[in-house]
């Protein structure tokens, strides 16, 4: 993981590459799946989150509408809470852990109750897609990624348990054979 030092003149220095680096170059590293760690040169303070926020701000400047205005507003209102907290603050009561069918049912219920319009639902779904895309580009696992890892881990645990059982049975059989000899 490259360590990038930020100097008082706001220049960024990649200690691994031994050269100065721009926010655009950091963005490209992140898109390539490289994790970066940004620290203040003088104090050693972790500036990674601040730098990632600055990158998002720069992208917003370049591509107006990168993030919908209401998402930015609600992020400020939420005081930095998670996206799940933001959705709850919107009154949706949605959980990011809800399955696709549960999510659809909740959204339909909110539409039926007049709490959300079709446009708001579409906007929520668009936000979800954008956030998932952004998380992917920042190499941050999504809920689906974590579920997939849990499934793979469970399968590996089953295989390991089977191997241990076979090994244990084989060891017991060998000891029994030796004892009988």
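The values are calculated or read from the model by the stated rules, or taken from the named source; none is laboratory data. Predicted model only: the values in this text are computed from it and were never measured. Don't worry about glycine lacking a Cβ; one is built from the backbone with ideal geometry, like all the others, and counts go over all protein chains shown.
For residue 12, the conditions (1) touching a residue at least 12 places away in the same chain (Cβ under 8 Å); (2) out of contact with any strand residue (DSSP E or B) (no Cβ under 6 Å at 6 or more places or on another chain) all hold with the exception of (2). Listed by first and then second residue, the pairs linking a residue in region 115-132 that is crowded, with 16+ Cβ neighbours inside 10 Å to a residue that is at pLDDT below 70 and assigned to a helix (DSSP H, G or I), with Cβ atoms under 7 Å apart and 6 or more places separating them unless they lie on different chains, are 127/71; 131/83.
Does residue 33 qualify as being modelled with pLDDT of 75 or more, assigned by TED's automatic domain parsing to the domain that holds residue 5 and loosely packed, with under 12 Cβ neighbours inside 10 Å? Yes, satisfied. Filter region 48-77 for residues that are assigned to a loop (DSSP other than H, G, I, E, B) and surrounded by 15 or more Cβ atoms within 10 Å (Cβ to Cβ); which is modelled with the highest pLDDT? It comes out as 67.
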